[in-house]
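> Before I ask anything, let me first share the structure, which is written out below as structure tokens.
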Amino acid sequence: MYKKGASDELVDEAYEQAVKVLRDCVHKRGLKASAKASGYQQVWARDSMITLLGASFIDDKKIQGAIRASFDTLRKNISTLGIIPNNVDVRTLKPNFQASADGGLWFVIGSAVFFEQAGDIAFLRKNYPTIKKILRWYEYRDVDQSGLVSMQEASDWEDLFATRGKGLYVNVLRYRALRAASLIARKLGKNEDAGAFLKKAGTSRRMINKHF
């Protein structure tokens, strides 16, 4: 049987320290990837979205505001083709697209997760055109119409590894993003879009299981 003891104090301390680091990462442009002045002074797509998976549960106005600002910063810097930047510098506001294979997918997933906690339908309406544009770009990455997307080497978080072409990670992430987009579309009453996203997710799942 679990007994409350010293381990609970350590967990509480770890939680408080984690929240402190998040507060130190808060910027008016979003959640920076580093709390240190000498660290990353950018809002990174994957880092900010992965962070919100836990941070969206924290009852802190500054952290919640930085999460929303992260969406705004990334959305405002989307390319004409629908590419979410790898990161945006909070000092220069310059976007970087060098390793953006997975950032857009995290933006879609993050939108669904944040809405689940915030319950803000206006937030979904604001992000939905961007979500559709992002997923359209990933359609173009299915270069041989196989149901799987391709990527350039070192263009996702595994930038020290020679992953290129139809990587497992980016395709699993796309499957999850399509499922998230389907739920978002249904929340907005866009049932035709929801069905289309879900159908594409099913194709993605079958092809992942077949080839990987």
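The values are calculated or read from the model by the stated rules, or taken from the named source; none is laboratory data. Remember, it's a predicted structure, so these values are computed and weren't measured experimentally. Every residue, glycine among them, receives a Cβ derived from its backbone with ideal geometry; neighbour counts consider all protein chains shown. Surface accessibility is based on the protein's heavy atoms, side chains included, excluding ligands, DNA and RNA. Shrake-Rupley method; radii C 1.70, N 1.55, O 1.52, S 1.80 Å.
> Restricting attention to region 34-50, which residues are in contact with a Lys or Arg (Cβ under 7 Å, 6 or more places away or on another chain) and within 17 Å of Gly104 (Cβ to Cβ)?
Restricting attention to region 34-50, the residues satisfying the condition of being in contact with a Lys or Arg (Cβ under 7 Å, 6 or more places away or on another chain) are 40-43.
Within region 34-50, Gln42, Val43 qualify.
> Right, something else. Given the residues Leu31, Leu53, which is the only one that is closer than 19 Å to Phe107 by Cα and open to solvent by 40 Å² or more (accessible area, probe 1.4 Å)? Give the steps one after another, and end with the answer.
On the way: Leu31 fails: open to solvent by 40 Å² or more (accessible area, probe 1.4 Å).
Going through Leu31, Leu53 in turn, the sole match is Leu53.
> (1) touching a residue at least 12 places away in the same chain (Cβ under 8 Å); (2) open to solvent by less than 70 Å² (accessible area, probe 1.4 Å): which one isn't true of Gly39, the others all being true?
(1)
> If you don't mind, another one. With open to solvent by less than 30 Å² (accessible area, probe 1.4 Å) and touching a Phe, Trp or Tyr at 6+ places or on another chain (Cβ under 7 Å) as the only criterion, which of Arg205, Arg174 stands out? Even if it seems obvious, please write down each step before you answer.
Numbers: Arg205 fails: open to solvent by less than 30 Å² (accessible area, probe 1.4 Å).
Checking each option against the conditions leaves just Arg174.
> Take the residues in region 190-212 that are touching a helix residue (DSSP H, G or I) at 6+ places or on another chain (Cβ under 6 Å), more than 18 Å from Ile134 (Cα to Cα) and not aliphatic (A, V, I, L, M); name whichever of them is modelled with the highest pLDDT. Spell out how you get there, then give the answer.
Of region 190-212, the ones touching a helix residue (DSSP H, G or I) at 6+ places or on another chain (Cβ under 6 Å) are 193-194, 197-198, 200-201, 204-205, 208, 212.
Subset that is more than 18 Å from Ile134 (Cα to Cα): 205, 208, 212.
Applying the additional criterion that residues be not aliphatic (A, V, I, L, M) yields 205, 212.
Values: Arg205: 97, Phe212: 92.
Here the residue is Arg205.
> Can you confirm whether Lys187 is over 16 Å from Leu135 (Cα atoms), open to solvent by 20 Å² or more (accessible area, probe 1.4 Å) and out of contact with any helix residue (DSSP H, G or I) (no Cβ under 9 Å at 6 or more places or on another chain)?
no
> Among the numbered criteria (1) closer than 20 Å to Val26 by Cβ; (2) in contact with a helix residue (DSSP H, G or I) (Cβ under 9 Å, 6 or more places away or on another chain), which one does Leu124 miss?
Only one criterion in (1) closer than 20 Å to Val26 by Cβ; (2) in contact with a helix residue (DSSP H, G or I) (Cβ under 9 Å, 6 or more places away or on another chain) is unmet by Leu124, namely (1).
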